[in-house]
Amino acid sequence: MNYQNSLTFAIEQDRLDPLKDFRNRFLIPQHHGEDAIYLCGNSLGLQPASAQEYIVDQLSTWKNLAVEGWFQGNDPWLSYHKQLSSSISKIVGAKESEVTVMNSLTVNLHLLMVSFYKPNGKRFKIIMEGGAFPSDQYAMESQTRFHGYDPKEAIIEIFPRDGELTLRTEDIIQKINEHASELTLVLFAGINYYTGQFFDLEAITRAAHIAGAYAGFDLAHAAGNVPLKLHDWRADFACWCSYKYMNSGPGGISGIFVHEKHFENKELDRFAGWWGYREDKRFLMAPGFDAAKGADGWQVSTSPILLLALFKASMVIFDDAGGIDTLRAKSIALTGYMEFLINNINEQFGEEIFKVITPGNQQERGCQLSVVCKKNAKAVFKHLADNGIIGDWREPDVIRLSPVPLYNTFQNVYKAAQQLAAAIK
Ligand SMILES: *Cc1c(COP(=O)(O)O)cnc(C)c1O
């Protein structure tokens, strides 16, 4: 796209935007009586305007049917989660049987490690990206310790080359090959939360498998943000949260993917609970765990229906918008515009005040740009906040800005960039 640094251009792009009406389906936070410019969907997505109605519906079912709500009404709770499988499977590129919703993200990561972290003799090591989201680091540390290993020995982190900010796929593959004989798992984020780098998950999966290891992904920043093809890539497992790009509300329900190639494997351990029992026989309450087919068999506890209802409100919007590929086209244009405007500011001031550390290649990033601010970073961030621009701050000097295609506009991006420039002036 041929970008221009002008309000007229931004207005025209918004007018042409096929997704422009979807913004009205969200509640936009207010700043001095006007819509704030919300660029923080990487942390917490906005509330669908319909969310309240979805909750009230379920409260009514509870009120009117009480326990019969599990089996009666328009959407019986017992199978409520299945209403979400189709939308989710499209978002992560899976078969419906390969995904389910349950628990929260870090809990699911631990549960999946029960199945897929199987250290055995010389093979006990995990490769991760250096600087992974802290919760994932803590989860991996505690998992290796639980199995009797020293995390310093069992976890191999990969860092960018000297003078570089993000990882090269060739270096990831090289590291996997190097450690092939002692590796049991490659666990990567889909998109790194700090740099915004979108990893080549297909190449990583292939290398892991050649090394004889499993490949698992934490898609917290990728699901609902970039198109994924977990099934075709043959990833072994994945999990994600839905409160970032999928707008399901604070602490919203998490989801998991298990590739169908593992469905018949009786050797895979899992921490079972009655909700993972085959549905047709669950209420016989018989001894001996008999797993439901597919990812559903990893469920443990009774479905939290109110969380599922919030998630459904959001998934309906995703489906109406035409799915992740439609969103991605606008996302690329919006984030590209943000990058263009930031480069413009640097040119205007004759120096690189704002350094975008997220890869410049569209294929290696999603919505988010992580911007190092080389001058008075804290004050610049405060200026944005004071002017109704909501981004987020990461120590020591990084501002993350994420234009989200469902509810952000070209004018949002234009105005945010104007305030970045004004802060420097
Ligand atoms: C947001 C995020 C989490 C958060 O985990 P919760 O269990 O939902 O608190 C974990 N991992 C990554 C990579 C994240 O981006």
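Throughout, read-outs are computed from the coordinates displayed, never taken from laboratory work. Since this is a predicted model, take the numbers as computed values, not measurements. Here the Cβ is made from the backbone with ideal geometry for all residues, glycine too, and neighbour counts use every protein chain on show.
Stretched out fully, how many nm does the piece from D290 to E170 gain, at 0.36 nm a residue minus the Cα gap?
So the chain would gain 39.0 nm between D290 and E170.
Relative contact order for the chain using alpha-carbon pairs under 8 Å, separation at least 6, rounded to a whole percent?
So the answer I get is 23 percent.
Would you pull out the residues with amide H under 5 Å of A215's amide H, same chain only if 5 or more places away, H placed 1.01 Å from N?
It is V186, D236, F237, by chain and number.
Would you list L341, L165, L183 from fewest to most Cβ contacts within 10 Å?
Going from sparsest to densest Cβ surroundings: L165, L341, L183.
With each label point set 7 Å from Cα along the Cα-Cβ vector, what nm distance links S43 and V114?
Inter-label distance under the simple model: 3.3 nm.
Please report L284, L105, L268 as a ranked list, fewest other C-beta atoms within 10 angstrom at the top and most at the bottom.
With the sparsest Cβ surroundings first, the list reads L284, L268, L105.
Counting other beta carbons within 10 Å of each Cβ, put S43, S314, S370, S60 in order, fewest first.
S60, S43, S370, S314
If you build a Gaussian network model of the chain, linking Cα atoms that sit under 10 Å apart, which residue out of V404, V186, V56 swings the most?
V56
Take the alpha carbon atoms of region 177-237, find their radius of gyration, then divide it by 2.2 N^0.38 Å using N residues; give the quotient.
Ratio of Rg to 2.2 N^0.38 Å for region 177-237: 1.10.
Tell me, what is the Rg over Rh of region 97-154, with Rh the Kirkwood radius over Cα pairs?
Checking Rg against Rh, the ratio lands at 0.99.
Suppose the chain between E352 and D320 were pulled fully straight at 0.36 nm per residue; how much longer would it get relative to their current alpha carbon spacing?
7.4 nm
What are the residues whose amide H is under 5 Å from the amide H of F133, where those residues sit 5 or more places off or on another chain and H is modelled from the backbone?
Amide H to amide H, under 5 Å and 5 or more residues apart or across chains, F133 pairs with Y193.
Please identify the chymotrypsin sites (Phe, Trp or Tyr not before Pro) of region 57-119 that satisfy two criteria: DSSP loop assignment and at most 15 other Cβ atoms within 10 Å. Which are they?
F71
I need two numbers for the chain: Rg to one decimal and Dmax as a whole number, Cα atoms only, in Å.
Answer for the chain, Rg first and Dmax second: 22.4, 73 Å.
Using r as the Cβ-Cβ distance of D386 and K20, and R0 as 30 Å, what FRET efficiency do you calculate, to the nearest 0.05?
With R0 = 30 Å, the Cβ-Cβ based efficiency is 0.60.
Would you mind getting me the FRET efficiency between Q30 and Q137? Use the beta-carbon distance for r and R0 = 41 Å, nearest 0.05.
0.65
Roughly how big is the chain's charge dipole about its Cα centre, with Cβ charges of +1 (Lys, Arg) and -1 (Asp, Glu), in debye to the nearest 20?
Using Cβ point charges on Lys, Arg, Asp and Glu, the chain gives about 260 debye.
Among the helices of the chain (complete DSSP H runs), which have Cα atoms covering no less than 30 Å along the helix axis and a Kyte-Doolittle mean of at least -0.5?
Length and hydropathy pass: 324-349.
Over all pairs of distinct alpha carbons, what does the Kirkwood formula give as the hydrodynamic radius of region 167-309, in Å?
With all distinct Cα pairs of region 167-309 included, I get 16.8 Å.
Please figure out what share of the DSSP beta bridges in region 55-320 is antiparallel and state it in percent, rounded to the nearest 5.
The answer is about 40 percent antiparallel.
Taking 30 Å as R0, compute the FRET efficiency from the Cβ-Cβ separation of D150 and S79 and round it to 0.05.
Here the calculated transfer efficiency is 0.10.
May I ask you to compute the full-extension gain from N343 to F263, defined as 0.36 nm times their residue separation minus their alpha-carbon distance, rounded to one decimal in nm?
Extra length available between N343 and F263 comes to 23.9 nm.
Which one, V56, N361, A329, is farthest towards the positive end of the dipole of the chain when Lys and Arg carry +1 and Asp and Glu -1 on their Cβ?
Highest projection toward the positive end goes to V56.
Using a simple spin-label model with points 7 Å from Cα along the Cα→Cβ vector, what separation in nm is obtained for N177 and I210?
0.6
Once the Cα gyration tensor of region 34-122 is found, what semi-axes does its equivalent ellipsoid get, as square roots of 5 times the eigenvalues, in whole Å, sorted largest first?
That gives 30, 24, 13 Å for the three semi-axes.
When we measure straight from the Cα of K330, which lysines land under 17 angstrom away, once same-chain ones fewer than 8 places off are left out?
Correct list for K330: K20.
Pick from A291, A222, A329: which residue has the top mean-square fluctuation in a GNM of the chain where Cα pairs under 10 Å get a spring?
Maximum among the listed residues: A329.
What per residue convex hull volume, in Å³, comes out for region 303-425 when only alpha-carbon positions are used?
Dividing the Cα hull volume of region 303-425 by its residues yields 133 Å³.
Mind checking which of N64, N412, N346 has the largest fluctuation in a GNM of the chain, springs on alpha carbons under 10 Å?
For the chain, modelled as a Gaussian network with Cα springs under 10 Å, the answer is N64.
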